[in-house]
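Working notes for the structure below.
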Amino acid sequence: MADSPAPRVLRIAIPSPLRRLFDYLPQGAPPQGGWSPGLRVRVEFGRRQVVGVIVDCRDDSDLPLAKLKPIQACLDKAPLPGDWLWLCRFTSRYYQHALGDTLAHAMPVLLRQGRPLEARVRERWQVALNGDPARLGRAPRQAELLEMLRQHPQGLTTQVIQAQSFTRDQLKALEAKGLVSCHEETLTGPTPDDSQGLLASPALALNDEQAKALNQLHQGLDRFHPCLLHGVTGSGKTEVYLQLIEAVVAKKRQALVLIPEIGLTPQTLGRFRQRFRVPVVALHSGLTDHERLDAWEAAASGRAPIIIGTRSAIFTPLARPGLIIVDEEHDGSFKQQDGLRYHARDLAVVRAKRHGIPLLLGSATPSLESLHRARTGDYAHLRLTRRATRHAPARLELVDLKGRPRRGGLIPPVIDAIKATLDAGHQVLVFINRRGFAPTLACHACGWMAECDHCDARMTWHRQPPMLACHHCDRRRVIPDACPDCGSADLRPLGSGTERTEESLAETFAETPVHRIDRDSTRAKDALEKMLTEVRRGEPAILVGTQMLAKGHHLPHVTLVVVVNADAGLYASDFRALEHSAQLLEQVAGRAGRAAHPGRVLVQTMHPDDPSLRLLAERGYDALAESLLEERRIAALPPLRFMALIRLEGPREDALTALAREIAGELREQVRSLALDLDCLGPVPAPMERRQNRYHLQIALMAERRSQLHPALEWLAHRLEAWPEARRIRWSIDVDPQTL
Ligand code: ADP
Ligand code: ZN
Ligand code: ZN
């Protein structure tokens with residue numbers, strides 16, 4: 001590189017929603033490797049100073065060179081990792097998102113602000129091997145300090161020593177006397193030497209199915225080898241991950257593990273950390289900016305062999321990539337729903353292919369996308385059909401809600417089953433996907449219902465604290481004393497939410513603790529862990545919870561799971577609703593009977609004869625998934641076709657509709673003139689047309705081949721950016737949307 005001529009122009013991605021790059025002139029001495037893509041630079045942009053990233057070095061610009069500004073400074077000694085830059089460029093192109101914004105999203109905040117990418121270090125002090133005690137002299141505090149260090153042969157960090165009221169000067173004095181030595185280590189911890197082995201605790205002996213799966217995975221460690229590990233909850237998928245990671249780390253390569261937001265619990269991390277002696281670096285929303293940068297650096301430098309993180313961890317650079325695992329690959333939290341609308345699982349596929357490494361997607365209830373690819377042979381399909389701990393998975397029993405009295409949403413036979421379970425000394429999980437006291441408040445005299453002024457939605461009645469709240473726009477109102485329409489005071493809750501079910505269960509089972517676990521009850525830090533710790537002690541208890549409880553948490557004493565209402569996904573307008581709702585039901589059911597007792601799952605429904613629900617109950621998720629895939633094929637929907645959604649929103653319905661029609665018209669024109677093989681549908685109202693007092697419309701593009709979508713979307717993004725009327729509305733492009 002050193003002897004290649006210096007470029008005259010640097011093309012830079014600036015953090016901004018604009019889908020274009022900006023040219024600047026180099027200034028100052030280039031870093032050692034010369035000007036190159038991936039270097040961060042500080043530049044003037046309008047009146048601001050921003051941190052941009054060089055993406056191209058060129059000799060010319062579309063503008064006269066005299067018009068270009070020089071950069072202010074180069075911030076890096078070496079470019080950010082090339083694979084990271086490649087992934088960001090891919091992401092930007094695939095999801096039609098501005099590159100500058102994509103890069104900013106994909107790096108830790110401190111890098112975005114221009115901090116250097118360096119490992120933070122700390123000092124560790126140890127007693128020197130050949131120190132001469134006579135040199136201590138008369139220094140009682142130093143003597144005490146020396147004694148303390150003697151008791152810790154592996155050494156102590158400055159911070160720990162200072163916490164014991166010793167000073168740095170005392171340490172320095174001992175060092176000068178040759179009695180202690182100091183060395184620096186990175187904050188993510190030292191990499192232990194190989195002689196002690198990788199494992200802190202031994203791997204389990206695998207059962208036949210696990211062994212077969214692992215064997216097959218071992219065959220493909222050195223190439224792109226996408227696999228779907230399809231195994232019921234408790235079948236030992238995590239054990240397979242752990243042993244595969246062991247093999248990868250033994251080859252001095254790194255493993256990146258993505259897990260859903262809700263799944264990254266101290267328990268999950270604990271399981272990885274107990275197994276491995278090498279550091280396990282976690283990337284999650286609870287980290288400080290500094291910790292996040294440390295973790296990123298440790299991954300990028302190759303010091304961290306195992307990285308576990310949620311969605312955005314897919315952008316973690318790896319010096320020696322060896323394996324990517326996506327646990328609970330069907331989980332909705334892998335898809336970002338605003339801004340850069342990427343899917344971490346899909347990017348994991350792209351990334352594994354680029355690196356030429358294995359990719360393992362694990363789930364008890366795989367997405368139809370992944371199942372489809374497993375069926376067509378794109379992915380190896382590895383199955384675990386038995387629970388590692390003997391018990392067969394609990395079956396769903398449908399319970400007819402029609403015409404039966406309900407208390408807190410539960411009908412008498414279900415309440416009896418709860419009683420029997422508690423009497424047997426076990427725990428019960430009541431799953432209800434609505435927080436608050438009741439889904440809404442209704443007038444018994446005239447039928448009025450509390451509706452949000454700003455959305456096409458009802459307001460939820462909350463008791464703690466008392467209010468009506470819209471879960472779509474967060475508007476709040478006081479609870480009226482009388483019906484605003486007819487003046488009647490006979491206002492009653494309609495339906496049940498977690499608060500009401502909790503209240504009624506607490507009345508019925510006054511002797512038994514009832515724990516409510518939802519977003520409201522777990523706002524306080526550690527509130528969830530505290531409740532779970534209590535629950536894990538195993539005393540009879542009832543847990544009333546939302547989907548926060550469906551995943552990740554092991555609840556070994558729960559032997560009865562009750563689903564208050566299974567009907568949400570049955571007749572929804574979103575074609576994925578049934579798939580998502582079936583996944584959730586299976587996940588919830590998977591909580592039952594994990595330890596010594598088999599479980600029961602009672603599912604309340606108004607539609608016990610619904611064919612999909614019956615298929616799920618009688619033959620399980622896999623059978624339902626097969627039938628859903630067939631329906632998607634007939635209806636020509638994803639995953640059999642590729643889809644993109646253009647969402648448009650504005651304050652005025654008529655103006656928005658007129659503009660949306662014009663946009664769709666131009667788009668169709670473009671599709672024709674580019675001879676693209678795709679369908680353009682709409683504009684149609686979004687499922688909740690009015691939200692936050694704004695109107696929402698959408699245009700859908702569908703194609704057999706992915707390649708047909710992108711030219712149309714790229715054209716549209718540029719057209720909308722340059723379209724003056726489009727400035728008055730908000731628009732976004734969602735490629736492979738997960739919700740309509
Ligand atoms: P999954 O990830 O599929 O839900 P886990 O890996 O968490 O399943 O395994 C469920 C339980 O079974 C865990 O307690 C785990 O320790 C245990 N387990 C897994 N594999 C084995 C095995 N081969 N032998 C004994 N116990 C196992
Ligand atoms: Zn009324
Ligand atoms: Zn609202």
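General remarks:
- Residue check for Leu528: away from ligand 3 (no atom under 16 Å from the Cβ), at pLDDT below 90 and surrounded by 15 or more Cβ atoms within 10 Å (Cβ to Cβ): yes
- The lone exception for Ala66 - which of (1) closer than 30 Å to Glu721 by Cβ; (2) touching a residue at least 40 places away in the same chain (Cβ under 8 Å) it fails: (2)
- Number of residues in the range 465-484 that are within 21 Å of Ala445 (Cα to Cα) and outside any loop (DSSP other than H, G, I, E, B) equals 1.
- Complete set of residues in the range 718-740 that are within 29 Å of the chain's Cα centre (by Cα) and among the acidic types (Asp, Glu): Asp734, Asp736
- Subset tally (residues that are touching a residue at least 40 places away in the same chain (Cβ under 8 Å) and either within 16 Å of ligand 1 (Cβ to nearest atom) or farther than 28 Å from Tyr695 by Cβ (or both)) for the range 453-510: 21
- In the set Ala13, Ala73, only one residue is closer than 27 Å to Val109 by Cβ and surrounded by 15 or more Cβ atoms within 10 Å (Cβ to Cβ); that residue is Ala13.
- Within the range 485-501, restricting attention to residues that are assigned to a loop (DSSP other than H, G, I, E, B) and not small (Gly, Ala, Ser), the residue that is farthest from ligand 3 (Cβ to nearest atom) is Asp490.
- Evaluation of Gln162 against the conditions (1) in contact with a Gly (Cβ under 9 Å, 6 or more places away or on another chain); (2) away from ligand 1 (no atom under 16 Å from the Cβ) shows that the sole unmet condition is (1).
- In the range 229-253, the residues that are within 12 Å of ligand 1 (Cβ to nearest atom) form Cβ pairs under 6 Å with partners that are of a type in the set (S, T, N, Q), at six or more places apart or across chains, as follows: Gly236/Gln210; Val240/Gln210.
- Complete set of residues in the range 641-665 that are part of a helix (DSSP H, G or I) and in contact with a Pro (Cβ under 6 Å, 6 or more places away or on another chain): Ala660, Ala664
- Residues located in the range 305-350, provided they are among the β-branched types (Val, Ile, Thr), more than 20 Å from Leu244 (Cβ to Cβ) and in contact with a Pro (Cβ under 8 Å, 6 or more places away or on another chain): Thr310
- Filter pass, Val232 being touching a helix residue (DSSP H, G or I) at 6+ places or on another chain (Cβ under 8 Å), β-branched (Val, Ile, Thr), away from ligand 2 (no atom under 16 Å from the Cβ) and closer than 30 Å to Ala394 by Cα: no
- Some residue of the range 288-296 being crowded, with 22+ Cβ neighbours inside 10 Å, touching a strand residue (DSSP E or B) at 6+ places or on another chain (Cβ under 6 Å) and either farther than 21 Å from Ser370 by Cα or among the charged types (D, E, K, R) (or both): yes
- Checked against (1) in a loop (DSSP other than H, G, I, E, B); (2) touching a strand residue (DSSP E or B) at 6+ places or on another chain (Cβ under 9 Å); (3) at pLDDT 90 or above; (4) more than 16 Å from ligand 3 (Cβ to nearest atom), Arg516 passes all but a single condition, namely (1).
- Answer from Ser707, Ser627, Ser612 - the residue that is part of a helix (DSSP H, G or I), modelled with pLDDT of 95 or more and hydroxyl-bearing (Ser, Thr, Tyr): Ser627
- Restricting the range 234-249 to residues that are buried (at least 22 other Cβ atoms within 10 Å of the Cβ) and β-branched (Val, Ile, Thr) leaves a set whose member that is nearest to Ala211 (Cα to Cα) is Val240.
- Exactly one residue out of Leu585, Leu543 is away from ligand 1 (no atom under 14 Å from the Cβ), buried (at least 18 other Cβ atoms within 10 Å of the Cβ) and under 22 Å from Thr238 (Cβ atoms), and it is Leu585.
- Top-ranked residue of the range 208-227 - restricted to ones that are out of contact with any helix residue (DSSP H, G or I) (no Cβ under 7 Å at 6 or more places or on another chain) and assigned to a helix (DSSP H, G or I), ranked as farthest from Ser363 (Cα to Cα): Gln219
- Residue match in the range 666-688 (condition: assigned to a helix (DSSP H, G or I), closer than 20 Å to Ser573 by Cβ and in contact (Cβ under 8 Å) with a residue 24 or more places away in the chain): no
- The single residue among Asp456, Asp520, Asp481 that is within 13 Å of ligand 2 (Cβ to nearest atom) and acidic (Asp, Glu) turns out to be Asp481.
- Residues of the range 256-315 that turn out to be more than 30 Å from Pro79 (Cβ to Cβ) and among the aromatic types (Phe, Trp, Tyr), as a count: 2
- Reported count of residues in the range 4-49, each being among the hydrophobic types (A, V, I, L, M, F, W, C) and within 24 Å of Leu720 (Cα to Cα), is 7.
- Selected residue [of a type in the set (Asp, Glu), under 25 Å from Arg351 (Cα atoms) and assigned to a strand (DSSP E or B)] from Asp101, Asp56, Asp23, Asp83: Asp56
- Residue list for the range 508-549, restricted to those being farther than 20 Å from Ile432 by Cβ and among the small types (Gly, Ala, Ser): Ala510, Ala524, Gly538
- Of all residues making up the range 458-507, the number that are touching a Gly at 6+ places or on another chain (Cβ under 6 Å) and polar (S, T, N, Q): 4
- Residue match in the range 591-599 (condition: surrounded by fewer than 22 Cβ atoms within 10 Å (Cβ to Cβ), in contact (Cβ under 8 Å) with a residue 24 or more places away in the chain and in contact with a helix residue (DSSP H, G or I) (Cβ under 9 Å, 6 or more places away or on another chain)): no
- Residue satisfying all of: in the range 446-478; surrounded by 15 or more Cβ atoms within 10 Å (Cβ to Cβ) and more than 15 Å from ligand 3 (Cβ to nearest atom); nearest to the chain's Cα centre (by Cα) among these: Arg463
- Residues located in the range 671-688, provided they are touching a Leu at 6+ places or on another chain (Cβ under 9 Å), within 17 Å of His471 (Cβ to Cβ) and not small (Gly, Ala, Ser): Pro687
The values are calculated or read from the model by the stated rules, or taken from the named source; none is laboratory data. Small disclaimer: the values here were computed from a predicted structure and weren't measured. Every residue, glycine among them, receives a Cβ derived from its backbone with ideal geometry; neighbour counts consider all protein chains shown.
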